[in-house]
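In what follows, a structure is listed as structure tokens, so that the remarks can point back to it.
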Amino acid sequence: MTSDAPREVLTWDLFGTAVRELAQQVADSGYEPEVVLAIARGGLVPGGALAYALGVKNTAVMNVEFYTGVDERLPVPVVLPPVLQAVDIAGSRVLVVDDVADSGRTLRMVLDFCAGHVSEVRSAVIYDKPRSIVACEYVWKRTDRWIDFPWSAQGPVTAAR
């Protein structure tokens, strides 16, 4: 994919709608997560917002690096410190949250990590792509485009010179 290919654009207002609709999907399914586990960095904002929308106070973060640019990634997802300890989520019903299930490889790694330690794990994403190897239980929208998220569409802020 080239950087000038058509993109999906998520605005802050649309993000609010997406989170509420995802939360409603979770609630309507009867699933009551005890922990919302956000995959950082892309899942931090959706994870926090979804935790509030669902009334879940126990949140956790797993920091995984995979994407390095537009459609550029490392050979495999890499967990970065601080590393989540399995004992922190043991026996819980966990909702893993990310911004997008693109290849699904990051989600697969986190779901596999959880599987042996929690009572139940499900996943929620704002966007799902057709090539994802993970079928998320909760998806707001499906697309095959690159996505501009409001929290990452602009570069980092640097000191004025």
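The values are calculated or read from the model by the stated rules, or taken from the named source; none is laboratory data. Bear in mind the structure is a predicted one, so any value in this text is a computation, not a measurement. Note: ideal-geometry Cβ built from the backbone for every residue, glycine included; neighbour counts use all protein chains shown. Keep in mind that these areas ignore ligands, DNA and RNA; they rest on the heavy atoms of the full protein, side chains included. Shrake-Rupley method; radii C 1.70, N 1.55, O 1.52, S 1.80 Å.
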For this session: Could you list, in sequence order, all residues of the stretch 3-21 that are part of a helix (DSSP H, G or I), in contact (Cβ under 8 Å) with a residue 24 or more places away in the chain and of a type outside the set (Gly, Ala, Ser)?
Result: TRP12, PHE15, VAL19, ARG20, GLU21
Exercise. Across the stretch 39-60, what is the total count of residues that are within 16 Å of ASP99 (Cβ to Cβ) and in a helix (DSSP H, G or I)?
Worked result: 9
For this session: Only one of these is closer than 21 Å to ALA115 by Cβ and either more than 13 Å from the chain's Cα centre (by Cα) or free of Cβ contacts under 8 Å to residues at least 24 places away in the same chain (or both): VAL36, VAL83. Name it.
Result: VAL83
Problem set entry | Boolean, VAL36 is in contact with a helix residue (DSSP H, G or I) (Cβ under 6 Å, 6 or more places away or on another chain), closer than 14 Å to VAL139 by Cβ, open to solvent by less than 30 Å² (accessible area, probe 1.4 Å) and not in a loop (DSSP other than H, G, I, E, B) | no
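With the structure loaded, tell me whether ARG93 is open to solvent by 70 Å² or more (accessible area, probe 1.4 Å), within 17 Å of VAL26 (Cβ to Cβ) and more than 15 Å from the chain's Cα centre (by Cα) or whether it fails that test.
Values: open to solvent by 70 Å² or more (accessible area, probe 1.4 Å): yes; within 17 Å of VAL26 (Cβ to Cβ): yes; more than 15 Å from the chain's Cα centre (by Cα): yes.
Yes, satisfied.
If you take the residues in the stretch 76-86 that are at pLDDT 90 or above and farther than 15 Å from VAL121 by Cα, which one is most open to solvent (accessible area, probe 1.4 Å)?
Per the criteria, the residue is GLN85.
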Exercise. Any idea which of (1) open to solvent by 20 Å² or more (accessible area, probe 1.4 Å); (2) at pLDDT below 95 is the one GLU120 doesn't satisfy?
Worked result: (2)
For this session: Kindly indicate whether any position in the stretch 63-71 is at pLDDT 95 or above and either surrounded by 17 or more Cβ atoms within 10 Å (Cβ to Cβ) or of a type in the set (Val, Ile, Thr) (or both).
Result: no
For this session: Among the numbered conditions (1) outside any strand (DSSP E or B); (2) touching a helix residue (DSSP H, G or I) at 6+ places or on another chain (Cβ under 8 Å), tell me where VAL83 comes up short.
Result: (2)
Exercise. Which residues, taken from the stretch 1-30, are touching a helix residue (DSSP H, G or I) at 6+ places or on another chain (Cβ under 9 Å) and either surrounded by 15 or more Cβ atoms within 10 Å (Cβ to Cβ) or of a type in the set (Phe, Trp, Tyr) (or both)?
Worked result: LEU10, PHE15, ALA18, VAL19, LEU22, ALA23, VAL26
Exercise. Across the stretch 123-148, what is the total count of residues that are closer than 14 Å to GLY47 by Cβ and out of contact with any helix residue (DSSP H, G or I) (no Cβ under 8 Å at 6 or more places or on another chain)?
Worked result: 0
